[in-house]
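Below you'll find the structure, written out as structure tokens, and then a few comments.
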Amino acid sequence: MTAIIPIEMWPDRLERAIKDRTLLKRVFVLRQTQSTQDAAKRMNATAGDVLVAWRQTAGRGRLGRAWADSGEDGAAITIVLRIQDNRQTLAIACAVGAARAVEMLLQRTVGIKWPNDIIVYDRKLTGILIEQHVNLTLIGIGLNVRQQEWPEELADRAISLAQAGSMVDRVDVIAALLACVDDALQLNQTQLVEEFAKRDVLRGTRTTFRTDEREISGVVLQVDPLRGLAVQTDRGEVWLDAATTSVVPPNS
Ligand code: BTN
């Protein structure tokens with residue numbers, strides 16, 4: 001395995017990674033924090049700020065779930081942007097950006113599961129949590145980098161870059177993510193739909209979603225940057241919101 005790049009080198013590496021980027025302006029490297037999302041709020045971060053943690057101990061996932069502490073094996077990032085008009089477009093852009101970064105690192109195509117999980121070999125490699133805070137949007141990205149084993153509850157659901165065959169240092173993973181997400185946020189809606197569709201692991205499948213305490217089953221049609229995910233149910237077409245929808249795993 002290659003030598004680990006120490007935390008002291010992260011600020012310089014990451015500042016170089018965001019230099020000349022459109023939306024990203026400053027990087028803060030935290031040695032340890034509970035959640036980079038909360039750190040952004042506490043530090044009164046402003047649009048263009050990026051917070052990364054060497055270690056995140058109590059990360060939050062979507063819809064009230066936890067994001068496991070991965071010690072020094074994962075990447076935990078929060079990108080702060082001005083509040084975005086369209087949440088669906090933003091969710092799709094973040095998914096596309098993260099997918100492109102992982103593809104660059106793994107040299108293979110990956111899947112996206114609505115709204116923005118990155119899937120490799122049928123397992124989750126990356127999760128994204130998008131929150132609004134005052135007049136800001138906080139894009140939280142968690143990516144499994146070096147894990148070789150998992151707690152029992154994640155064992156058949158999670159995968160790391162190392163397990164998928166790429167031994168990249170965490171700081172290089174973060175640099176790739178920042179560049180690719182910044183690029184994806186510049187894509188127009190037609191490009192985003194196209195980029196999402198070619199990686200969409202649910203498209204054409206019969207899937208059950210949980211949204212606003214209801215379950216909805218149907219055949220997944222396509223994403224729409226304004227309306228979310230279109231699903232053909234027995235009662236007609238419905239649109240599912242990126243912020244409030246999750247996939248119900250089969251057999252649950
Ligand atoms: C999910 O799949 O449920 C989303 C997981 C998002 C985890 C990231 S890690 C960095 C940022 N800080 C957090 O507390 N959560 C997000």
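Just so it is clear, none of the values below were taken in a lab; they were calculated from the coordinates. Just so it is clear, the structure is predicted and the values come from calculations on it, not from any experiment. Virtual Cβ from ideal backbone geometry, glycine too; neighbours counted across all protein chains shown.
Residues of the stretch 176-209 falling in the label zone of GLN222, defined by backbone nitrogen less than 20 Å from a point 7 Å along Cα to beta-carbon, are 187-207.
Looking only at ILE112, ILE18, ILE92, which one moves most when the chain is put into a Gaussian network model with springs between Cα atoms under 10 Å? Taking springs between Cα atoms under 10 Å, the residue moving most is ILE18.
Taking every alpha-carbon pair under 8 Å whose residues sit at least 6 apart, the stretch 6-130 reaches a relative contact order of 17 percent.
If I fit a long axis through the Cα atoms of helix 87-106 and take the longest principal axis of the Cα atoms of the chain, what angle between them do I get, 0 to 90°, rounded to 10? Roughly 60 degrees, rounded to the nearest 10.
In percent, what relative contact order does the stretch 143-242 have, based on Cα pairs under 8 Å that are 6 or more apart in sequence?
Contact order relative to length: 14 percent.
With the Kirkwood sum run over all distinct C-alpha pairs, the stretch 1-110 has a hydrodynamic radius of 15.4 Å. At the listed q of 0.11, 0.12, 0.25 Å⁻¹, the Debye profile of the stretch 151-248, built from one uniform point per Cα, gives log10 I(q)/I(0) equal to -0.48, -0.57, -1.20.
Arranged from fewest to most other beta-carbon atoms within 10 Å of their beta carbon, THR244, THR22 become THR22, THR244. If one puts a single equal scatterer on every Cα of the stretch 28-71 and applies the Debye formula without solvent, what log₁₀ I(q)/I(0) results at q = 0.13, 0.19 Å⁻¹? Log10 of I(q)/I(0), two decimals: -0.27, -0.56. The amide H of GLY59, built 1.01 Å from its N in the peptide plane, has TRP67, ASP69 as neighbours under 5 Å, considering only residues 5 or more places off or on other chains. Once R0 is set to 35 Å, what does the formula 1/(1 + (r/R0)^6) return for the Cβ-Cβ distance between GLN191 and LYS19, expressed as a FRET efficiency to the nearest 0.05? E between GLN191 and LYS19, to the nearest 0.05, is 0.90.
Which FRET efficiency value, to the nearest 0.05, do you get for ASP212 and ASN135 by plugging their Cβ-Cβ distance into 1/(1 + (r/R0)^6) with R0 = 35 Å? Please report the intermediate quantities before stating the final value.
Values: r = 25 Å, r/R0 = 0.72.
For R0 = 35 Å, the calculated efficiency reads 0.85.
With contacts taken as Cα pairs under 8 Å and at least 6 residues apart, the chain reaches a relative contact order of 18 percent. Across all C-alpha atoms in the chain, the radius of gyration and Dmax reach 17.3, 57 Å.
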